[in-house]
Amino acid sequence: VRALVQKAESRIWVRLLPPAHGWASDGGASATVTVNAGSKALAELQIGHPSLGVGEYEARVDVTWDDQDGKTKSIPVKYRILGTADIPAAVFAGGLNFGDVPAGGEGRKTVRAWNLGNGTARLRLAALAYPFTGPFQGQEHDILIEPHTFFDAIVTCAPKGPGTWSSTATFQTNNGLSAFDAISPNATSVGRSYQMPLTCQGSDA
């Protein structure tokens, strides 16, 4: 028995892998599998593509049996990419300027990260250099943001004396990762990284 497995839609993000007993066309558009009597065979799909954005994708895989007069069965395929932590580009363009902060005092700024997707987003703010601190006492920490909600990351500048200070805040997100790997504890390490300049002027109290 031979079964011809062919993608009918979404050829960019659904690909058929070469089966153990059969072959697949270049690009994975179709595959032929030989099934011995009384046995079974696997036809594997590779799902996903780096260019896909957040959302849910649907396709169809058609299976045709040679010994059944070309009878075809359609199998639906669904693929979901999780939400990602989104910070407006305008925030990064200007960075965070705390202006004059009295020595011994504290200046505070808020960076709001939205989850515009349909799954849990992961955001990490790397530890900041003195005199800047972030959430969780400035320690690196993963922040989980539920769909269609936001998280306010409070960044502070607390100089102990006068002077001009500058640094960089690095935000890591699970942007672009699929539902299969975005739940990994290390998802942010293979996601995207955004850098934001920080400036602060310590003045005499």
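The values are calculated or read from the model by the stated rules, or taken from the named source; none is laboratory data. Being a predicted model, the structure only gives us computed values, none of them experimental. Cβ atoms come from the backbone with ideal geometry, glycine included; neighbour counts cover every protein chain shown.
Could you say which residue among Ala103, Ala127 is surrounded by fewer than 19 Cβ atoms within 10 Å (Cβ to Cβ), touching a strand residue (DSSP E or B) at 6+ places or on another chain (Cβ under 7 Å), modelled with pLDDT of 70 or more and of a type in the set (A, V, I, L, M)? Steps first, answer last, please.
Numbers: Ala127 fails: touching a strand residue (DSSP E or B) at 6+ places or on another chain (Cβ under 7 Å).
Checking each option against the conditions leaves just Ala103.
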Residues of the stretch 156-170 satisfying the condition of being of a type outside the set (Gly, Ala, Ser) and outside any loop (DSSP other than H, G, I, E, B):
Thr156, Cys157, Thr164, Trp165, Thr168, Thr170
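Return the residue satisfying two criteria in turn: it lies in the stretch 76-93 and is assigned to a helix (DSSP H, G or I) and under 15 Å from Val155 (Cα atoms), and of such residues it is modelled with the highest pLDDT.
Taking the stretch 76-93 as the starting set, the residues that turn out to be assigned to a helix (DSSP H, G or I) are 89-93.
Checking which are under 15 Å from Val155 (Cα atoms) leaves us with 91-92.
Values: Val91: 63, Phe92: 67.
Ranking the candidates gives Phe92 first.
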Report yes if some residue within the stretch 126-144 is outside any strand (DSSP E or B) and more than 28 Å from Gln201 (Cβ to Cβ); otherwise report no.
no
With the condition kept exactly as written, say whether any residue in the stretch 37-52 is surrounded by fewer than 17 Cβ atoms within 10 Å (Cβ to Cβ), in a loop (DSSP other than H, G, I, E, B), touching a helix residue (DSSP H, G or I) at 6+ places or on another chain (Cβ under 9 Å) and modelled with pLDDT of 80 or more.
no
Search the stretch 142-156 for residues that are aromatic (Phe, Trp, Tyr) and pair each with any residue that is assigned to a strand (DSSP E or B) when their beta-carbon atoms are under 6 Å apart and the residues are at least 6 apart or on different chains.
Phe150/Arg112; Phe150/Trp114; Phe151/Ala113; Phe151/Ile143; Phe151/Ile145
